[in-house]
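Read the structure below first, then the notes.
The values are calculated or read from the model by the stated rules, or taken from the named source; none is laboratory data. What you are looking at is a predicted structure, and each value in this text was computed from that prediction instead of being measured. Neighbour counts run over all protein chains shown; Cβ positions are idealised from the backbone, glycine included.
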Amino acid sequence: MSRESVASVQIPGPGLSAGQELLGLDDEVRALYARLATAGPLPIAEVDGRLLASLLRSGLVVRTEGMVEARAPRRPLEAAAQSYTQLAARIREISEELTDVWNASRGADVGIDIATGAVALQEYADLVGSAKARIAALTMAPRQGRPIGPAPGVFEVLARGVEVRVVYDSRLLESPKAIEVAETCMAAGEQARVFPGVPINLVIVDDVVSANVTSDADEEVHVANIRNRRLVEALRSVFESYWQLSLPLAHESLVPDASEDFRHLVRLLSIGLTDRAIARELGVSERTVGRRVTRLQELLGADTRFQLGLQIARHGWV
């Protein structure tokens, strides 16, 4: 196929296959070829010019002394197929090149950059230190080989009155050092909760997110810094969901020592009884039941009865 024929390739239209449209081999063109192949050469004057042009471009006919004659189709069509194969490969190369350009430009536009190693650690420290109003964090269980310690600058920002809320993976309780660090931070004003299976180390400082995307304990640190407003708000919603479903760290040790009356109240709540029915069952006033439920919500950090039910189930009290 010539360079001109490749350059004139059209996009397939409705009702035609890609091969038919690319070569111009519609029904009328193929009917003319069948006529030439079976009836022999025809005078060019008797052949439709558009149909003849399509057959000539595809190499299926030859012109000799005012006549047009069909030729065997395999070789010219296989040559055309090879040309289109090469064209498709080149289009794929161009697609990859332009996709790289697209991704690079959009990566800058959406406000995401990746930092690695010592640079990532320094940028993280700078981000925490820059907090003006609030910090929210999800913290995975400590990884073997990784140092355990408070976030850099967290005591300074707590001293400035910055709100700091952290959801720790519950496996934190398996590490005495991690517990010590958490207790020290809570003593300085950090609000801490625990949740089983926190999937990522994520820190939201005011309107910026720092996400640790490192996979393995021995891998160099990789941090994604996100400033895009929509992404930040979406990740903030993720944090708030974990916060609502998690348990206050300070009260975890109270679970094994819960009194029988306390556990009885939990059982009655779990089967959906009203406060009046619970009061009748326990032999106390409805107001007393309300106070106990409120205290239970405070203990588990639940703002609603629904959240309270989730916390009770997660705690294994029912």
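Observations
- Annotation: Gly197 fulfils all but one of (1) closer than 15 Å to Pro142 by Cβ; (2) small (Gly, Ala, Ser); (3) surrounded by 13 or more Cβ atoms within 10 Å (Cβ to Cβ); the unmet one is (3).
- Applying the condition of being among the charged types (D, E, K, R) and either modelled with pLDDT of 90 or more or in contact with a Cys (Cβ under 8 Å, 6 or more places away or on another chain) (or both) to region 191-217 and asking which residue is nearest to Leu235 (Cα to Cα) yields Asp207.
- If the condition is being modelled with pLDDT under 85, over 21 Å from Leu121 (Cβ atoms) and not aliphatic (A, V, I, L, M), then region 145-174 contributes Ser170, Arg171, Glu174.
- In region 158-216, counting only strands (runs of 3 or more DSSP E) that sit wholly within it, the ones holding 3 or more residues that are farther than 19 Å from Leu247 by Cβ and of a type outside the set (Lys, Arg) span 201-205, 208-212.
- Hits in region 23-46 (condition: among the small types (Gly, Ala, Ser), modelled with pLDDT of 85 or more and under 16 Å from Gly59 (Cα atoms)): Ala31, Ala34, Ala37
- Restricting region 114-131 to residues that are of a type in the set (Val, Ile, Thr) and in a helix (DSSP H, G or I), the residue that is surrounded by the most Cβ atoms within 10 Å (Cβ to Cβ): Val128
- Test: Thr139 is in contact with an Asp or Glu (Cβ under 8 Å, 6 or more places away or on another chain) and among the hydroxyl-bearing types (Ser, Thr, Tyr): yes
- Residue ID - surrounded by the most Cβ atoms within 10 Å (Cβ to Cβ), chosen from residues in region 64-88 that are modelled with pLDDT under 85 and small (Gly, Ala, Ser): Ala80
- Any hit, region 243-252, residues being under 25 Å from Lys132 (Cα atoms), at pLDDT 80 or above, touching a helix residue (DSSP H, G or I) at 6+ places or on another chain (Cβ under 8 Å) and surrounded by 14 or more Cβ atoms within 10 Å (Cβ to Cβ): yes
- Residues being in contact with a Cys (Cβ under 6 Å, 6 or more places away or on another chain) and touching a residue at least 24 places away in the same chain (Cβ under 8 Å) are represented in region 146-154 by at least one member.
- In this structure, Thr139 does not satisfy being farther than 30 Å from Met186 by Cβ, in the same structural domain as Asn201 (by TED's automatic domain parsing), modelled with pLDDT of 85 or more and surrounded by 12 or more Cβ atoms within 10 Å (Cβ to Cβ).
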